[in-house]
Structure formats: structure tokens, C-alpha cells
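**Student:** My questions all concern the structure below.
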Amino acid sequence: MDTDLTRPSSVAGADPIDTLPPTFRWGVATSSYQIEGAVASDGRTPSIWDTFCRVPGAVANGDNGDVACDHYHRMPQDVALIADLGLDTYRFSVAWPRVQPGGRGPANVAGLAFYDRLVDELLGRGVEPWVTLYHWDLPQELEDAGGWPNRDTAYRFADYAELVFAALGDRVRTWTTLNEPWCSAMLGYAYGDHAPGRRNLGDGIAAAHHLLLGHGLATRRLREAARSPIELGLTLNLSTADPATDSAADRDAARAADGLANRLYLDPVLRGAYPQDVIADLAAEGVRIPVEDGDLDVIATPIDVLGVNYYFGQLHSGVDEQGRDRDDDGKPVRRVVRRDLPRTAMDWEIVPESFTDLLVRLHRDYPGTPMVITENGAAFDDTPDADGFVADDDRVGYLTEHLRAVARARAAGADVRGYFAWSLLDNFEWAYGYDKRFGIVRVDYDTQRRTPKRSALWYRDTVRRVRGQR
């Protein structure tokens, strides 16, 4: 592992980032399946991603997470990297099939022991652990029983959350129940791009509701079990959905996109009800949200922090290239309009000003809930030099402008209390396999050598500067 953190990073001059307060939390984030490897070690059973990766054509190059970054065996080195970068928080996820094989029954002691060691290693290095309980690796046995469209999965998740909290709750203060339920529900069950690869809108919406129900159930369980102050939250991937023009069709397309991607999750958690326009949109597709009595009260159980994952903004149009507002099936046209903007290797538009707009909108529409940026980052086509060092000025630019966007949102009143870069390491990027690299630390997958990129050094020096530790 190359941990040369002595290179200069070229941080200098006055910057809006310098207005961030000394109490601001600085961290990095990862997830279990993307970095751990060791998928059959110490009693871990298959997740839906282990299964999905074996489906021909499902993942680029036939890649899988069997080894990934081998974090399971290299954890102390990776924690040392975080500490050497001077970061105060590490957000990681627990692999459900590692700690509760099959998704039911007692805890797997050997699997939990890994996270026990990880938490102690972090605390010993002065880094606060931030635990995400679910980052997409549903035990395959629960998928075989119906997966997230099956209501029972929400209760199984609450049981699992209680097991993890019983083991780590004495040392972990901040907990996220779910990471990006939109991705789990829609990419996994409606569009088929992610595990388990189903393609049914009704299944996707049922999954979304049961994910939120699981969040509420787990939040109540953890709150009841806590013996000291804790912070409980939910992380959503959120973006702006703006109309391409001021036409009625484009405004309605933007409204519908915002409803399905953002408000379908924000409203029940923070307002206690699903948005009526989204219910109507779904009804037009023959889909009903499977709400039962009492569900919305559970889902709206108060949280302490909203995790915001932001990567891009989009423009939406309600007319096609021929100017029609209805498709061949008579349904309203819904189309994303590409702009002539810089893009990441994921083909995502780089729109930091939309990040400011999003955070100010969240503060305005959902007041009273503090926010932390639990993911923000970019994949670029990194080119290492002979020593493995990546001079990723494009990523430095991306992180700089998005941190400035956070600072501007705070200046406009948004209660944003921290920022976690995605990601610490290059890792398994889901359906893209290992083709896309988001890390501020380069991983040579052949040797597992870690080399901090220029972005890591910039991040370290920026944090020092904001803290007044020049």
C-alpha cells in the first residue's frame, strides 16, 4: 500500500468552503458489497448481488464482488488511510447476509466480529463510525421468499437492525437505516438494472413502500433499545428535476419526475403521507401503493438526520423530438433533455448549482431536519503514472465546486452539518463492475495496492484549512 500523503495538493486562496464551521463533519463513505469481498467467509451467505452477478450480461465484463477491494482482510490499512487523511467520520454499511445468514434467526457471531473490530479500529484512530444498515445486499433467501415487494421483508429488516444494534450500539452513535431506497426499489424491481433484476412497476412501488416501512420499524426498535443518545436517519439519493422550458407539458414532466424520485420518499418520512399527485400518476399506470392501517405513522417516526446523496441534476420535457406530448400508447411523454454540459464517466451532467438549489429546497419544504451529505463524488477515466499516482484534477474540480455549493446552501439557510466524499476507494460499481472509479484512493485490483490520488490530498488539505490547522 502506497500511503504517501506528503505530496502537495495545490490548495490555496480564499474560498466559500472556508465559511464551513469548525463543527462541520468531514468523512468518506463506502458500502459492504462494493469493497469487502470474502463473500463466502465466516458464515456469510449469498446476497441478491452475488446471484445477480452470475446472470449473463447483468454486470459489465461479468465482474462480481467476490474479492472487490478485499477490505475484509485489509480493514486496518483502510482505516489508517482515513485517519491519515484527517477525516473525523467513516460511513460504512453492514452486510446483512454476513451478520444474519439467510436474513432470519440469530446473529452470526463470526460475521458480527468483523464489524466489531472495524468499529474499535476506527475509534482507536479517532474516527467516528457511521453505520448504514442496508446498502442493497438483501439475503438471497429473503428474495426467494418475495424480496422487498413482500411485506414480511420489512419486519425481517427490523429484526436484523436490532441484532446489529445490540452488538455495536454501545459504541456507534449515528445510524442510517437505508441507503437510497429508490435504487433498491426502482432499479432492482421496476427497471431490472440492479439486483434482483425484476421489471415490474407494481413490484417496484411495493418494494419502495416496504423499504420505508422497514425504515420506520427499525427506527422505532433502535430508539427503544438505545441506552445513550443516538442519531437515527435515512439516506436518499435526491436530484433536481427542472422543466426544459416553461411549457405546461415540460412543467408536468418535471413534476412527475420529482414526485417519483424525490417526494415519494421524502413526503411519507417527513410529512406522514404520500403525495397525492404521485398516487394519481401511479393509478394511471394501474399501480397502487400497498399502504395498510398504521403504516404511515410508522414510516413517519421522527429521524434526527436526513442523509442526502447528490450526483447530478436533470431537465425534463413532456414532448418528444417531434413535438408530441403523447407516446404511441397514448401516455404522457416523459423525457430527460441532455444539455451541453461537462459530464462524468457515468455520463452524468455536472451541475453543482443544482446541488445548492436542492439543499435550499429541502430546507424550505421539509424544515427542521438537519442534513448531512452522505455521498457526493464522481467517476472519471483515471490514468495512473508509473507509481500508481492519479493526478485527478477533474475530480478535484468536481469536489471543489460541490463543496462550494454546500457552503452556498448553508449561507442561504440550509442546515447542512457534514459532507462525506464518495468514495474512499475505487470499488465495484454495481452493474458497471470495475469499469468506473469513484475513489479518492486508487485501488490496483491485481495487487490490491492503495494509492491516494491528488483528490485525497486536496481533501485532506481542505479539511485542515477549514479547521484552521494549516
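The values are calculated or read from the model by the stated rules, or taken from the named source; none is laboratory data. Source: prediction; values computed, not measured. Here the Cβ positions follow ideal geometry from the backbone for every residue, glycine too, while neighbour counts run over all protein chains shown.
**Student:** What number of residues in the range 113-144 are out of contact with any Asp or Glu (no Cβ under 7 Å at 6 or more places or on another chain) and assigned to a loop (DSSP other than H, G, I, E, B)?
**Tutor:** Final tally of qualifying residues: 6.
**Student:** When you go through (1) crowded, with 23+ Cβ neighbours inside 10 Å; (2) among the aromatic types (Phe, Trp, Tyr); (3) out of contact with any helix residue (DSSP H, G or I) (no Cβ under 6 Å at 6 or more places or on another chain) one by one for TRP148, which number turns out not to apply?
**Tutor:** Of everything listed in (1) crowded, with 23+ Cβ neighbours inside 10 Å; (2) among the aromatic types (Phe, Trp, Tyr); (3) out of contact with any helix residue (DSSP H, G or I) (no Cβ under 6 Å at 6 or more places or on another chain), TRP148 misses just condition (3).
**Student:** Do we have TYR274 as closer than 14 Å to ALA208 by Cα and of a type in the set (Ser, Thr, Tyr) here?
**Tutor:** Spelling it out, TYR274 is indeed closer than 14 Å to ALA208 by Cα and of a type in the set (Ser, Thr, Tyr).
**Student:** Provide a single number: the residues in the range 353-386 that are within 17 Å of ARG271 (Cβ to Cβ) and of a type in the set (A, V, I, L, M, F, W, C).
**Tutor:** Number of matching residues: 2.
**Student:** Please give the strands (runs of 3 or more DSSP E) falling wholly within the range 218-328 in which 1 or more residues are in contact with an Asp or Glu (Cβ under 7 Å, 6 or more places away or on another chain) and of a type in the set (Gly, Ala, Ser). Walk me through how you get there before you give the answer.
**Tutor:** Numbers: elements: 231-237, 241-243, 305-309, 314-317.
Qualifying strands (runs of 3 or more DSSP E): 231-237, 241-243, 314-317.
**Student:** Quick check on the range 54-94: of everything there that is of a type in the set (Asp, Glu) and not in a loop (DSSP other than H, G, I, E, B), which residue is surrounded by the most Cβ atoms within 10 Å (Cβ to Cβ)?
**Tutor:** Taking the range 54-94 first, the residues of a type in the set (Asp, Glu) are 63, 66, 70, 78, 84, 88.
When the remaining residues are screened for being not in a loop (DSSP other than H, G, I, E, B), the result is 78, 84.
On the way: ASP78: 25, ASP84: 14.
Among those residues, the one meeting the criterion is ASP78.
**Student:** Something else now. In this structure, does VAL396 turn out to be closer than 30 Å to ARG271 by Cβ, at pLDDT 95 or above and of a type in the set (Val, Ile, Thr)?
**Tutor:** When the stated conditions are applied, VAL396 does not pass them.
**Student:** Can you say whether ASP159 is touching a residue at least 40 places away in the same chain (Cβ under 8 Å), touching a Lys or Arg at 6+ places or on another chain (Cβ under 8 Å) and either buried (at least 23 other Cβ atoms within 10 Å of the Cβ) or not hydroxyl-bearing (Ser, Thr, Tyr) (or both), as far as the supplied structure shows? Outline the logic, then answer.
**Tutor:** Details: touching a residue at least 40 places away in the same chain (Cβ under 8 Å): yes; touching a Lys or Arg at 6+ places or on another chain (Cβ under 8 Å): yes; either buried (at least 23 other Cβ atoms within 10 Å of the Cβ) or not hydroxyl-bearing (Ser, Thr, Tyr) (or both): yes.
It is true that ASP159 is touching a residue at least 40 places away in the same chain (Cβ under 8 Å), touching a Lys or Arg at 6+ places or on another chain (Cβ under 8 Å) and either buried (at least 23 other Cβ atoms within 10 Å of the Cβ) or not hydroxyl-bearing (Ser, Thr, Tyr) (or both).
**Student:** Take the range 222-232 and flag every residue that is out of contact with any Lys or Arg (no Cβ under 9 Å at 6 or more places or on another chain) and either surrounded by fewer than 20 Cβ atoms within 10 Å (Cβ to Cβ) or closer than 30 Å to HIS316 by Cα (or both). Don't jump to the end; show me each part of the working.
**Tutor:** Narrowing the range 222-232 to residues out of contact with any Lys or Arg (no Cβ under 9 Å at 6 or more places or on another chain): 222-227.
Once the filter is applied, which keeps residues that are out of contact with any Lys or Arg (no Cβ under 9 Å at 6 or more places or on another chain) and either surrounded by fewer than 20 Cβ atoms within 10 Å (Cβ to Cβ) or closer than 30 Å to HIS316 by Cα (or both), the range 222-232 yields ARG223, GLU224, ALA225, ALA226, ARG227.
**Student:** Here are GLY377, GLY318, GLY388: which of them is at pLDDT 95 or above and closer than 20 Å to PHE420 by Cβ?
**Tutor:** Details: GLY318 fails: closer than 20 Å to PHE420 by Cβ; GLY388 fails: closer than 20 Å to PHE420 by Cβ.
Residue meeting the stated conditions: GLY377.
**Student:** Something else now. Looking only at the range 306-331, count how many residues are within 17 Å of ALA254 (Cβ to Cβ) and polar (S, T, N, Q).
**Tutor:** Number satisfying all stated conditions: 2.
**Student:** Another question, then. Show me the strands (runs of 3 or more DSSP E) entirely contained within the range 370-470 in which 1 or more residues are closer than 29 Å to LEU187 by Cβ and aromatic (Phe, Trp, Tyr). Can you show your working first?
**Tutor:** Values: elements: 371-375, 416-422, 441-444, 449-452.
It comes to 416-422.
**Student:** Could you list, in sequence order, all residues of the range 166-217 that are small (Gly, Ala, Ser), more than 13 Å from THR153 (Cβ to Cβ) and either in contact with a Gly (Cβ under 8 Å, 6 or more places away or on another chain) or assigned to a loop (DSSP other than H, G, I, E, B) (or both)?
**Tutor:** Here is the first cut: in the range 166-217, the ones small (Gly, Ala, Ser) are 166-167, 169, 184-185, 188, 190, 192, 195, 197, 202, 204, 206-208, 214, 216.
After this cut, where a residue has to be more than 13 Å from THR153 (Cβ to Cβ) as well, the list is 166-167, 169, 190, 192, 195, 197, 202, 204, 216.
Within the range 166-217, GLY169, ALA190, GLY192, ALA195, GLY197, GLY202, GLY204 qualify.
**Student:** For residues in the range 95-142 being within 21 Å of the chain's Cα centre (by Cα) and charged (D, E, K, R), which is surrounded by the fewest Cβ atoms within 10 Å (Cβ to Cβ)?
**Tutor:** Once the filter is applied, the top-ranked residue is GLU128.
**Student:** Please determine whether any residue of the range 165-181 is under 18 Å from the mean Cα position of the chain (by Cα), crowded, with 24+ Cβ neighbours inside 10 Å and over 22 Å from PRO129 (Cα atoms).
**Tutor:** no
**Student:** May I ask you to verify whether SER354 is of a type in the set (Ser, Thr, Tyr), over 26 Å from LEU424 (Cα atoms) and at pLDDT 95 or above?
**Tutor:** Values: of a type in the set (Ser, Thr, Tyr): yes; over 26 Å from LEU424 (Cα atoms): no; at pLDDT 95 or above: yes.
For SER354, the condition - of a type in the set (Ser, Thr, Tyr), over 26 Å from LEU424 (Cα atoms) and at pLDDT 95 or above - is not met.
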